[in-house]
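Working notes for the structure below.
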């Protein structure tokens, strides 16, 4: 069974630990050991998270002697942002309609209050 890259990206982003790892890598390349420091999980658990991020092509992992530096690959994030951007216009139009409706309700309420006097 194959999964499209967008689904793989969103699945990888679904976990807060993986999002935290990506946030750290946005600051620059670092080692697996450094990535694992802030988390209260085992090294094998961190490695599993890194494998998910690698499968989603969100990170690359090199090999330099005894350490394995990790780097962010933001291309899949751009693709996810472009997908979400398609819906921004819908959201904005919906909010604009809601705002217009609320203004009508407020106007009607002001008119009713004025008629009571």
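The values are calculated or read from the model by the stated rules, or taken from the named source; none is laboratory data. The structure displayed is predicted, hence computed values, not measured ones. Counting neighbours? That spans all protein chains shown, and the Cβs are built from the backbone with ideal geometry, glycine included.
Which residues, counting only those in the range 55-91, are outside the structural domain of residue 15 (by TED's automatic domain parsing) and on the phi > 0 side of the Ramachandran plot?
If the condition is that a residue be outside the structural domain of residue 15 (by TED's automatic domain parsing) and on the phi > 0 side of the Ramachandran plot, then no residue fits.
Go through the residues of the range 50-57 one by one and say whether even a single one is in contact with a helix residue (DSSP H, G or I) (Cβ under 6 Å, 6 or more places away or on another chain), surrounded by 10 or more Cβ atoms within 10 Å (Cβ to Cβ) and outside any loop (DSSP other than H, G, I, E, B).
Yes: the range 50-57 contains one or more residues that are in contact with a helix residue (DSSP H, G or I) (Cβ under 6 Å, 6 or more places away or on another chain), surrounded by 10 or more Cβ atoms within 10 Å (Cβ to Cβ) and outside any loop (DSSP other than H, G, I, E, B).
On the given criteria, is residue 110 farther than 30 Å from residue 11 by Cα and assigned to a helix (DSSP H, G or I)?
yes
I need the full set of residues from the range 60-98 which are farther than 23 Å from residue 5 by Cβ and surrounded by 10 or more Cβ atoms within 10 Å (Cβ to Cβ), in order please.
Answer for the range 60-98, where residues must be farther than 23 Å from residue 5 by Cβ and surrounded by 10 or more Cβ atoms within 10 Å (Cβ to Cβ): 67, 68, 69, 91, 92, 93, 94, 95, 96, 97, 98.
Would you confirm, using the coordinates I've provided, whether residue 40 is loosely packed, with under 13 Cβ neighbours inside 10 Å and modelled with pLDDT of 90 or more?
So residue 40 passes the test.
For (1) within 13 Å of the chain's Cα centre (by Cα); (2) outside any loop (DSSP other than H, G, I, E, B); (3) in contact (Cβ under 8 Å) with a residue 12 or more places away in the chain, each residue gets a yes or a no:
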{"position": "70", "(1), (2), (3)": "no, yes, yes"}
{"position": "78", "(1), (2), (3)": "yes, yes, no"}
{"position": "81", "(1), (2), (3)": "yes, yes, no"}
{"position": "91", "(1), (2), (3)": "no, yes, no"}
{"position": "99", "(1), (2), (3)": "no, yes, no"}
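Just a yes or no: is a residue in the range 7-30 farther than 14 Å from residue 57 by Cα, in a strand (DSSP E or B) and touching a residue at least 24 places away in the same chain (Cβ under 8 Å)?
Looking for residues that are farther than 14 Å from residue 57 by Cα, in a strand (DSSP E or B) and touching a residue at least 24 places away in the same chain (Cβ under 8 Å), one finds at least one in the range 7-30, hence yes.
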